[in-house]
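To keep things clear, I will list the structure first and then write my remarks on it.
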Amino acid sequence: MFLGMGPLELVLIVVVVLVIFGPKNLPKIGSALGKTVKNVRKGMEEGKEELEEKASDDSPVHAHDEEDVEVVEDEDDADAPEDADEPVFCSKCGTKNAADADFCSKCGAKLPSSK
Ligand SMILES: [Zn+2]
């Protein structure tokens, strides 16, 4: 068929052209139609290539950002359980408190921190 297009596509184009320009201008449009179809098809192929290039460019950037955020969160979580070995004794009443306690469980005094 005409430029490798199927009959349905041709009918669709003719209908669209008739609606836009009206039947009186059809002979003028006929000669320009071939060029138009060529340009449209060329533009569609170029558009596809551009989309694929953009997609491959974007994905590595997103993955990199997510990795950085996760590393920071992991460092914060690792601090707490590490120095839970030695108990802390209150300097005022001598009560033995857990190593991660900030205040004495008996008198409420602030405990010395080994951190
Ligand atoms: Zn105390």
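The values are calculated or read from the model by the stated rules, or taken from the named source; none is laboratory data. Keep in mind the model is a prediction, meaning the values are calculated, not measured. A quick note on method: Cβ atoms are made from the backbone with ideal geometry, for glycine too, and the neighbour counts reach across all protein chains shown.
One line per residue, one yes/no per condition, for (1) more than 16 Å from the ligand (Cβ to nearest atom); (2) among the aliphatic types (A, V, I, L, M); (3) modelled with pLDDT of 80 or more:
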site	(1), (2), (3)
Val19	yes, yes, yes
Ile29	yes, yes, no
Gly43	yes, no, yes
Ser56	yes, no, no
Asp85	yes, no, no
Val88	no, yes, yes
Gly108	no, no, yes
| message | Looking at Ala63 and the list (1) at pLDDT below 55; (2) within 16 Å of the ligand (Cβ to nearest atom), which single condition is not satisfied? | response | (2)
| said: Checking Glu73 against (1) modelled with pLDDT of 70 or more; (2) outside any loop (DSSP other than H, G, I, E, B): exactly one of these is not met. Which one? | reply: (1)
| region 91-100, residues that are within 12 Å of the ligand (Cβ to nearest atom) and surrounded by 14 or more Cβ atoms within 10 Å (Cβ to Cβ) | Thr95, Asn97
